[in-house]
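Trainee: So that we are looking at the same thing, I have put the structure below in structure tokens.
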Amino acid sequence: MAIHQTAIIHPKAKLGKDNVIGPNVYIEEGVVIGDNNWIGPNACIFKGSTIGDRNEIHMGAIVGGVPQDVAFRNLPSFTKIGNGNKIREYVTIHRGTKEGSSTIIGDNNFIMTQGHIAHNCHIGNNVIFVPFAGLSGHCIIEDGAFLSGMVGLHQFSRVGRFAMISALSAVNKDIPPYMMCGGRPAVCYGINSVGLRRAGIKPAARSEIKQAFKILYRSGLNVSNACAKIEEELHSEEIAYLLKFIESSERGIAAGGTGKDAKLQGGEEE
């Protein structure tokens, strides 16, 4: 354990083994931190926060801060962070807003400079936030999603697994799994082919996802009829997950864009 002499750590905080805690770090009462974490200068970790192992929390980052919610009543709530995350400079992560609720971040996520994760958001695993990407409250980001720079999400929005959102986009609907999207408001204009290959999705499944995109966004069918056609014609596990995501959407899914939208966003239409 290496703790800088200027760090302020409450005696009732619980620290595991082999953590490195830098200058002017502030850790409040009740915080629980696992093993082999690196916490950089001026980082602040507030009450209700639980952090796993092998995380990097860089200078000036805020973990478990009070939510920016006018309905917040300062009742106990939580921030739960898993293992192997990189939380870069000046990232802000706020705890849950209602009593007993949590903001949850999984494993191996890369949250770059000045990203913002608001109260009650749930982040999966292997998610990337490029600098200045921000989430309003209660958003859900599934495994392997990629949020480019200065992306903003409306509260209660969801981003499906392996979806990719281009820079400067404003998301106010759910983004289905595997899609490429962007714009203000964001529209889906293709599938995340590169991300799917990197994730090890097999060629046959990628082909079905491409077909599903065309049925959903190019056939002229409404969402319900498109989903029925997809279910009838395509049968991979990935397609089943896509349909489950769409059927459970409360905000509705993002509209489809055109080849012109793809070019404007620097992408390639599938």
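Here, each number is a calculation from the coordinates, and none is a lab measurement. None of these values were measured; they are calculated from a predicted model. Because the Cβ atoms are built from the backbone with ideal geometry, glycine has one as well, and the counts that use them run over all protein chains shown.
Trainee: Can you sort 179, 59, 112 by how many other beta carbons sit within 10 Å, fewest first?
Mentor: 59, 112, 179
Trainee: Here is a further query. Rounding to the nearest 20 debye, state how big the charge dipole of the chain is about its Cα centre with +1 on each Lys and Arg Cβ and -1 on each Asp and Glu Cβ.
Mentor: 280 debye
Trainee: Can you pull the Kirkwood radius for the stretch 25-101, inverse mean 1/r over Cα pairs, to one decimal in Å?
Mentor: 12.4 Å
Trainee: Report the calculated FRET efficiency for residue 221 and residue 258 (r = Cβ-Cβ distance, R0 = 25 Å), to the nearest 0.05.
Mentor: After rounding, the FRET efficiency stands at 0.90.
Trainee: When the convex hull of the Cα atoms of the stretch 125-270 is projected onto a plane and the area is averaged over all directions, what value comes out in nm²?
Mentor: Mean shadow area of the hull around the Cα atoms is 7.7 nm².
Trainee: Using each residue's phi in the stretch 175-192, evaluate 6.51 cos²θ - 1.76 cosθ + 1.60 at θ = phi - 60° and report the 3J(HN,Hα) Karplus result to the nearest Hz, with x for Gly and Pro.
Mentor: Values per residue, Gly and Pro as x: 9, x, x, 6, 8, 9, 8, x, x, 9, x, 5, 10, 8, 10, x, 10, 7 Hz.
Trainee: Under a crude label model (7 Å from the Cα following the beta-carbon direction), how far is residue 3 from residue 204 in nanometres?
Mentor: Placing both labels 7 Å along Cα→Cβ, they lie 5.6 nm apart.
Trainee: Follow-up question, since we're still on this one. Counting other beta carbons within 10 Å of each residue's own, what order do 35, 53 fall into, fewest first?
Mentor: Least crowded to most crowded, the residues run 35, 53.
Trainee: Would you indicate which of [x] 0.93; [y] 1.03; [z] 1.18 is the value of Rg/Rh (Cα atoms, Kirkwood Rh) derived from the coordinates of this structure?
Mentor: [y]
Trainee: Please list, or write none, the lysines whose alpha carbon is within less than 23 Å of the alpha carbon of residue 12, excluding same-chain residues fewer than 8 places away.
Mentor: Correct list for residue 12: 47, 80.
Trainee: So for the stretch 175-260, what are the equivalent ellipsoid semi-axes in whole Å, largest first, each being the square root of 5 times an eigenvalue of the Cα gyration tensor?
Mentor: Its equivalent ellipsoid spans semi-axes of 18, 16, 12 Å.
Trainee: Sort 47, 210 so the one with the fewest other Cβ atoms within 10 Å of its own Cβ comes first.
Mentor: 210, 47
Trainee: Right, another one. Quick one: putting +1 on the C-beta of Lys and Arg, -1 on the C-beta of Asp and Glu, what dipole do you get for the stretch 126-270 around its Cα centre, in Debye to the nearest 20?
Mentor: So the magnitude is around 360 debye.
Trainee: Hey, what did the chain get for relative contact order, percent, Cα under 8 Å, at least 6 apart?
Mentor: With pairs under 8 Å counted, the relative contact order is 9 percent.
Trainee: Which residue, 155, 168, 123, has the largest displacement toward the positive end of the dipole of the stretch 103-227 when charges sit on each Cβ (Lys, Arg +1; Asp, Glu -1)?
Mentor: 168
Trainee: Projected area of the stretch 1-132, taken from the Cα convex hull and averaged over every viewing direction, in nm²?
Mentor: Mean shadow area of the hull around the Cα atoms is 6.8 nm².
Trainee: For the chain, modelled as a Gaussian network with Cα springs under 10 Å, which listed residue fluctuates most, 214, 173, 244?
Mentor: Greatest mean-square fluctuation among the candidates belongs to 244.
Trainee: Quote the FRET efficiency, to the nearest 0.05, computed for residue 29 versus residue 108 with a Förster distance R0 of 35 Å and r equal to the Cβ-Cβ distance.
Mentor: After rounding, the FRET efficiency stands at 0.75.
Trainee: Could you give the alpha-carbon Rg of the stretch 85-132 over 2.2 N^0.38 Å, rounded to two decimals?
Mentor: 1.10
Trainee: Ok, one more. Specify the inter-centroid distance of the stretch 210-255 and the stretch 2-40, based on alpha-carbon positions, in whole Å.
Mentor: When both Cα centres are located, 47 Å separates them.
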